[in-house]
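The values are calculated or read from the model by the stated rules, or taken from the named source; none is laboratory data. Because the structure is a prediction, the values reported are computed rather than measured. Don't worry about glycine lacking a Cβ; one is built from the backbone with ideal geometry, like all the others, and counts go over all protein chains shown. With ligands, DNA and RNA removed, areas are computed over all heavy atoms of the protein, side chains included. Shrake-Rupley method; radii C 1.70, N 1.55, O 1.52, S 1.80 Å.
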Amino acid sequence: MTKPSDVQPIRAADVTNYDHEADVLVVGFGVAGGAAAYEAAAAGAEVIVLERASGPGGSSAQSGGELYLGGGTAVQESHGFSGDTPEAMFQYLRAALGPNADEEKLRLYCDGSVEHFGWFRDRIGLEFGQDFFDRPTWMPLAPTDGLMWLGENAWPYNELSDVVVPRGHRPAAPGFAGSLVMERMVAAVAEVGAVTHVDTRAAKLIVDGDRVVGLTARQFGKDVTYRARKGVVLTTGGFVDNEEMLVDHCPLLLGHGKVSDGLDDGSGIRMAQAIGAATRRMSMCQVAYTANPAMTARGMLVNGRAQRFHNEDTYPGLWSEAAIREPGKVWVIMDETGFEEVPPMDGLGLQPAFAAETIEELAEEIGLDPRALAQTVENYNAGARAGKDALGKDPSWLRELTGPFAAFDPAKGLSPYAETPPESTGYAGFTLGGLHTTVDGEVLSISGEPIAGLYAAGRASSGMHGEGYISGTSLGDGSFFGRRAGRAVAGTR
Ligand SMILES: Cc1cc2nc3c(=O)[nH]c(=O)nc-3n(C[C@H](O)[C@H](O)[C@H](O)COP(=O)(O)OP(=O)(O)OC[C@H]3O[C@@H](n4cnc5c(N)ncnc54)[C@H](O)[C@@H]3O)c2cc1C
């Protein structure tokens, strides 16, 4: 673990020799670093990207590759969702990424979304899937699946605007498509002339007065120095892998799984903090709970008091964020009819570990209060009979639950094949807070002034997010504001 002294800045006057020099140094080659490097190099700047791993990619390459885009993209239009607007997209994201989403960044992101889709397609060479996946899921897996709902059609978001359209965009690759995003990004960045130095871990910033003029790095066991004629862009990812930072800033994620490549140790954030940079929203995080959305939509989620707490037919990240704050373990409860309705490919082969003829027997088996669970099912069924769910689940998913009943333990994960389920809470996440930046990626000092020569984007910075997260908005805002930072540092914004 990096110690505080490991990030203390170096004075330029104490640097006798620079091993490398460029207009722009980009630190970290994930989606944000790639986008910044691309734009800076395309604007004519000489760019070096430093990457501590042996190859580019970061968490971005391991991701699902979902990008939250809208306002009338070609994929939306091809499925007849022609009425989308930046304003409707803004209304949705402000609510779903809130409370306290960054409205200035959100507005720019929504206004620029169609252009950003075109940039990915035409400049980065990323192909998007063309099919519309119209069912509850964490992520469609077929290479043709290109468009999906991310909560827009669920209550309360479906009442925000007259425009209710899907905006989850997926690259045309099977399974987790982040590798395709980064494969195309790496090729595009090389094409515009940026150079990448791998196995190079940036360690400390070099400052000349108030200005960042370079950095030191560890490279193959040696200390090396880099000079930046125009500026340094920190795109080092978040800090979910840094236990001390989690303790200090985001204890909600302590003890849970980490949605990362294992290198999200917050080094960029700390390097900048060491020269007086401000951070923002460090306690905000994304949370995923490994319950199957095809099952939750047809059944219910209950907490340790056997109570429902969220409509189960929405984007699963939204009920996950609620679930982690609920008392006790959260279970998925279904009946046999609902279980049999799950399309086999959506069920992922999951079988219930607990089943019983009556809801009281099921409650006994999983350690919930039988009377409380029976009451919860009765309340749910009353809502189903009336066609109005107390928590806003869409009537199309409402049906009275009758025995036999089954319970799924999300902590066992989504794979039916694991012989010994991993020791897990079922929750995993990544951090959303980071360096406080302007919309052009300038890092602000704790007194609120831009620090000359220092920029940041992606999860090293605080982006659009408040207290909520929707899939596709991390790759989305990382690449969008990475591009803006790249143009700003090159001097062409
Ligand atoms: C399994 C999984 C699925 C996901 N699915 C999605 C999805 O579908 N859609 C979505 O929007 N988000 C998704 N995410 C989240 C998303 O991938 C990340 O939040 C996003 O990629 C962060 O991008 P970034 O460019 O900020 O950081 P990264 O992609 O992590 O890149 C940071 C890079 O910086 C390097 N680095 C760190 N410190 C240093 C240093 N000191 N010197 C040099 N290099 C350094 C790292 O090695 C890394 O390569 C997923 C994440 C995971 C792990």
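Checking the structure you have, find out if any residue of the stretch 344-367 is hydrophobic (A, V, I, L, M, F, W, C), in a loop (DSSP other than H, G, I, E, B) and modelled with pLDDT of 95 or more. For the stretch 344-367, residues hydrophobic (A, V, I, L, M, F, W, C), in a loop (DSSP other than H, G, I, E, B) and modelled with pLDDT of 95 or more: absent. Residues in the stretch 442-460 that are more than 26 Å from residue 255 (Cβ to Cβ) and either at pLDDT below 95 or within 12 Å of the ligand (Cβ to nearest atom) (or both): 2 in all. Got at least one residue in the stretch 227-237 being assigned to a helix (DSSP H, G or I) and not basic (Lys, Arg)? Within the stretch 227-237 (the criterion being assigned to a helix (DSSP H, G or I) and not basic (Lys, Arg)), the answer is no, since none of the residues qualifies. Only residues that are of a type outside the set (Gly, Ala, Ser), out of contact with any Pro (no Cβ under 8 Å at 6 or more places or on another chain) and within 14 Å of the ligand (Cβ to nearest atom) were counted in the stretch 160-183, giving 5.
Considering 252, 246, 234, the condition of being of a type outside the set (S, T, N, Q), touching a helix residue (DSSP H, G or I) at 6+ places or on another chain (Cβ under 7 Å), more than 11 Å from the ligand (Cβ to nearest atom) and modelled with pLDDT of 95 or more is satisfied by 246 alone. From the list 82, 60, the one residue that fits, being touching a helix residue (DSSP H, G or I) at 6+ places or on another chain (Cβ under 8 Å) and modelled with pLDDT under 95, is 82. Within the stretch 122-157, restricting attention to residues that are assigned to a helix (DSSP H, G or I) and touching a residue at least 40 places away in the same chain (Cβ under 8 Å), which residue is farthest from residue 88 (Cα to Cα)? Restricting to residues being assigned to a helix (DSSP H, G or I) and touching a residue at least 40 places away in the same chain (Cβ under 8 Å), the top hit is 123. Quick check on the stretch 260-274. Is at least one of its residues of a type in the set (Lys, Arg) and in contact with a strand residue (DSSP E or B) (Cβ under 9 Å, 6 or more places away or on another chain)? No, the stretch 260-274 has no match at all.
Cβ-Cβ contacts under 9 Å between residues 6 or more apart (or on different chains), taken from a first residue in the stretch 176-199 that is among the charged types (D, E, K, R) to a second residue that is open to solvent by 60 Å² or more (accessible area, probe 1.4 Å) and in a loop (DSSP other than H, G, I, E, B), are listed as 184/127; 199/52; 199/54; 199/220. Against the numbered list (1) within 30 Å of residue 121 (Cα to Cα); (2) over 27 Å from the mean Cα position of the chain (by Cα); (3) at pLDDT below 95, residue 221 comes up short only at (1).
Does the stretch 415-429 contain any residue that is touching a Cys at 6+ places or on another chain (Cβ under 7 Å), buried (at least 17 other Cβ atoms within 10 Å of the Cβ) and in contact (Cβ under 8 Å) with a residue 40 or more places away in the chain? Yes.
So, restricting to strands (runs of 3 or more DSSP E) that lie completely within the stretch 386-485, which ones have at least 1 residues that are of a type in the set (D, E, K, R), in contact with a strand residue (DSSP E or B) (Cβ under 9 Å, 6 or more places away or on another chain) and farther than 30 Å from residue 166 by Cβ?
Numbers: elements: 405-408, 427-431, 442-444, 450-456.
Those strands (runs of 3 or more DSSP E) span 442-444.
The single condition among (1) of a type outside the set (D, E, K, R); (2) more than 27 Å from residue 460 (Cα to Cα); (3) more than 25 Å from the chain's Cα centre (by Cα) that residue 137 does not satisfy is (3). Are any residues in the stretch 473-491 in contact with a Lys or Arg (Cβ under 8 Å, 6 or more places away or on another chain), within 14 Å of residue 430 (Cβ to Cβ) and not polar (S, T, N, Q), and if so, which ones? Selection gives 477, 478. Identify all residues within the stretch 250-269 that are surrounded by fewer than 22 Cβ atoms within 10 Å (Cβ to Cβ) and either of a type in the set (Lys, Arg) or out of contact with any Phe, Trp or Tyr (no Cβ under 7 Å at 6 or more places or on another chain) (or both); write none if there are none. Within the stretch 250-269, 251, 252, 254, 255, 258, 261, 262, 263 meet the criteria.
Hey, any hits in the stretch 287-303 for a residue that's out of contact with any helix residue (DSSP H, G or I) (no Cβ under 6 Å at 6 or more places or on another chain), farther than 27 Å from residue 55 by Cβ and within 14 Å of the ligand (Cβ to nearest atom)? No, every residue in the stretch 287-303 fails to be out of contact with any helix residue (DSSP H, G or I) (no Cβ under 6 Å at 6 or more places or on another chain), farther than 27 Å from residue 55 by Cβ and within 14 Å of the ligand (Cβ to nearest atom).
Where in the stretch 1-113 are there helices (runs of 4 or more DSSP H), lying wholly inside it, with at least 1 residues that are under 21 Å from the mean Cα position of the chain (by Cα) and polar (S, T, N, Q)? Can you show your working first?
Numbers: elements: 31-42, 58-62, 74-78, 86-96, 103-111.
Of the helices (runs of 4 or more DSSP H) lying wholly inside the stretch 1-113, those with at least 1 residues that are under 21 Å from the mean Cα position of the chain (by Cα) and polar (S, T, N, Q) span 58-62, 86-96.
Consider the stretch 65-94 and keep the residues that are touching a Phe, Trp or Tyr at 6+ places or on another chain (Cβ under 6 Å) and not β-branched (Val, Ile, Thr). The one that is nearest to the ligand (Cβ to nearest atom) is 69.
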